[in-house]
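Read the structure below first, then the notes.
The values are calculated or read from the model by the stated rules, or taken from the named source; none is laboratory data. Note that the structure is a prediction, hence the values are computed from the model and not measured. Using ideal geometry, Cβ is built from the backbone for each residue, glycine included, and neighbour counts are taken over all protein chains shown. Areas reflect the complete protein model, heavy atoms only, side chains present, ligands, DNA and RNA absent. Shrake-Rupley method; radii C 1.70, N 1.55, O 1.52, S 1.80 Å.
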Amino acid sequence: MNVKLQLLALIAKQPAFHQLRTVEQLGYITALLQRNDFGIHGVQFIIQSSVKGPKYIDLRVESFLQMFESKLYEMTSDQFKNNVNALIDMKLEKHKNLKEESGFYWREISDGILKFDRREVEVAALRQLTQQELIYFFNENIKAGAPRKKTLSVRVYGSLHAPELKEETSESADPHIVHIDDIFSFRRSQPLYGSFKGGFVQMKL
């Protein structure tokens, strides 16, 4: 699951920047990243815009995922292998210094995973991965309307888009959307809150 997500992020990174930054010019800061928050993995879009509001940007991100879906299907076997090999090379690259190496091990300890042979195991998984498996993972977890997809949208409204915030707040609630006004209360209300392994789990705010 980890390497599938990492590979998708690697493949989608440049197309996302090209479409959302260069073509649509949504904002100067535009990035697609792969996240790992204490073992919870996901794809993150960061877009800072002065021309469009957060709601519109969310719609454009979903539109990009629809466009990327066709690119994923049209990708040749050679292109797929090249991306897999590029990720393998990144994983097999030696640590540049002691700080980087110790950071790798401490991350495993703080997350409570303790997968100290992670790089070797993930490289082996990548070498066994098929293009069809990657497409199935995308369809199940990431594409627009994916059955297992969960989306967190953090919206920051500047003064130029303050009227949009008032308008969206007054709109009728979408049954598929949960508006989070109190972050700490929402977090405490979740059934798995405080159940993750790792040293930081004791910080219950």
Filter result (touching a residue at least 12 places away in the same chain (Cβ under 8 Å), more than 17 Å from H41 (Cβ to Cβ) and loosely packed, with under 15 Cβ neighbours inside 10 Å) within the range 109-126: I109
Close pairs from the range 88-108: first at pLDDT 90 or above, partner of a type in the set (K, R) and in a loop (DSSP other than H, G, I, E, B), Cβ under 9 Å, at least 6 apart: E101/K94
Pick from the range 152-171, criterion of a type in the set (S, T, N, Q) and open to solvent by less than 100 Å² (accessible area, probe 1.4 Å), ranking: nearest to the chain's Cα centre (by Cα): S153
Test for R35: is it surrounded by fewer than 18 Cβ atoms within 10 Å (Cβ to Cβ) and farther than 27 Å from R148 by Cα: no
